[in-house]
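The values are calculated or read from the model by the stated rules, or taken from the named source; none is laboratory data. Worth saying up front: this structure is predicted, and the values here are computed from it rather than measured. Backbone-built Cβ (ideal geometry, glycine too); neighbour counts: all protein chains shown. Surface areas here come from the heavy atoms of the whole protein model, side chains and all, with no ligands, DNA or RNA. Shrake-Rupley method; radii C 1.70, N 1.55, O 1.52, S 1.80 Å.
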Amino acid sequence: MLELYHNDQSSCSQKARLVLAEKGLDWESHHLDLRAGDQQTPEYLKLNPKGVVPTLVDDGRAVRESNVIIEYVDNAYPGPAPLKPADAYGRAMVHLWTKRLDDGHHDIATATLSMGIAFRHQYLSQGKEVADRLIENIPDPVKRERRRDIIYNGTEGREFRLAVRLWEGLLTDMEAELTGHGGDWIMGDDYTLVDLAYTPYLTRLDHLNALGFIADRPRLQAWYARVRARPSYDTAIGKWDNADYVALMREKGGEAWPRVKQIVAEL
Ligand SMILES: N[C@@H](CCC(=O)N[C@@H](CS)C(=O)NCC(=O)O)C(=O)O
């Protein structure tokens, strides 16, 4: 039996749900409220010592890290279609793309943009004592200090400009890749784990009212329309959207866009 510990609006959880949807697998849901600290309980930390979602449990064995999870599911459940190229070079390229998310795009670019613009308000509205407790309970000290800074300083936070720079660099590279080979998907003609892994990140820009980032990137716009048109998108993302989170992201994202645009112009 497959069980997924996840959160409705978390991008890494969206990624895990996408692979399960693409493979047509049934799974049992364990939904964690990240603003209530469900990910920081001693019980969950045994499954995932970093105190993050998602965690997949397959017949009692836990698999952590969203990029590991999508690869695991693709290897363990090959039907209806493989989500990796058959050749070694193609597989290495899949790794390079997903590695980029782990090398900073998730923790710095995405978390900083989302937290600095929108999610910080969910912490602050609970009062300083609760916000500080959620911060202090983050197991990774680097992540903890990053979170403290962005919650209290928002778009003026230490890494906010860096986050915008990383987004710009990534989107430039994605547009160049799609333009270079002319295929519909990031790896060329086939939908792969790379498209799947990057879908939640474009969705996050969308929710944050920040699709202005791709206004001059037509290939990326078309790619984003294609991934949204797949049935897996609604099953794994749309159906799980948390209306309160999405409303907050849209509102605060709209307010922050002029500042983001200004940073892009200054890069
Ligand atoms: N590298 C991890 C990152 C997971 C991660 O950062 N998850 C976020 C949600 S997208 C989380 O659980 N955050 C917990 C918190 O904010 O305390 C992965 O890819 O699974």
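Quick notes on this structure:
- Only one entry in Gly37, Gly51, Gly104 is closer than 25 Å to Ile150 by Cα and touching a Pro at 6+ places or on another chain (Cβ under 6 Å), namely Gly51.
- Counted residues, segment 1-46 - those being away from the ligand (no atom under 15 Å from the Cβ), assigned to a loop (DSSP other than H, G, I, E, B) and open to solvent by less than 20 Å² (accessible area, probe 1.4 Å): 1
- Residue-level check: of (1) in a loop (DSSP other than H, G, I, E, B); (2) within 11 Å of the ligand (Cβ to nearest atom), Pro49 misses just (2).
- Applying the condition of being under 12 Å from Gly157 (Cα atoms) and more than 9 Å from the ligand (Cβ to nearest atom) to segment 109-122 and asking which residue is surrounded by the fewest Cβ atoms within 10 Å (Cβ to Cβ) yields Arg120.
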